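A.B. asks: One structure coming up, written as structure tokens, with questions to follow.
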């Protein structure tokens, strides 16, 4: 048996998760649009990188914070490519794409529960639950991407409005976490899904043209800035955690 392989679920976890989704959105768009790779080639490249990261993560004998968060960022980037590929290359649209991704998410959770009799996400210290965790994360991030794009593209909400919608859902989940007896694992995965479109709409706000409601910073600049903020918060959270332990 190995030590716990998943980051502790704290406030900093959710801040880093949201920043990771923003970075995944801007990086995915940078590959597909700015670098003109398209959705298929972008998905292949990011998919290969993610596979390497996940193999390294799963084979590791202990928790490596940098590796863990690199894998999270990888799933958010691939989630962007999967959603865009399903909608724009395969022509499924966000509704049918979301239904397929939601079905995959439910099927993964069902298999996980049938095998382990629980869906605990912290701690995870055995290989099968960790594999199921990462598959669920990938489905969750892909589904969250599709939902966020549905809000802004199909429902024509502005990026700020889309962020407010998803932030409201996250707020309700937070309220239920503290004020209800609803299963905490269920609330975790709902929050995990909806932090994806929240971060993604923020990424779109940074990169999209002014005439589409964005700030037109460009995908490269937005990705660099988001990565710097992410690294800063990761460093600060590690520092304070260690200080607390001392």
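The values are calculated or read from the model by the stated rules, or taken from the named source; none is laboratory data. As the structure is a computational prediction, the values presented were derived from the model and not from experiment. When we count neighbours, we look across all protein chains shown, and the Cβ atoms used for this are built from the backbone with ideal geometry, even at glycine.
A.B. asks: Across the range 167-196, what is the number of residues that are more than 18 Å from the chain's Cα centre (by Cα) and closer than 18 Å to residue 81 by Cα?
C.D. replies: 0
A.B. asks: Oh, and also: With more than 18 Å from the chain's Cα centre (by Cα), in contact (Cβ under 8 Å) with a residue 60 or more places away in the chain and either farther than 17 Å from residue 149 by Cβ or buried (at least 19 other Cβ atoms within 10 Å of the Cβ) (or both) as the only criterion, which of 218, 199 stands out?
C.D. replies: The conditions single out 218.
A.B. asks: When the range 126-167 is examined, which residues are found to be exposed (fewer than 14 other Cβ atoms within 10 Å of the Cβ) and not in a helix (DSSP H, G or I)?
C.D. replies: 126, 155, 156
A.B. asks: In addition: On the given criteria, is residue 80 modelled with pLDDT under 90, buried (at least 16 other Cβ atoms within 10 Å of the Cβ) and within 29 Å of residue 231 (Cβ to Cβ)?
C.D. replies: When the stated conditions are applied, residue 80 passes them.
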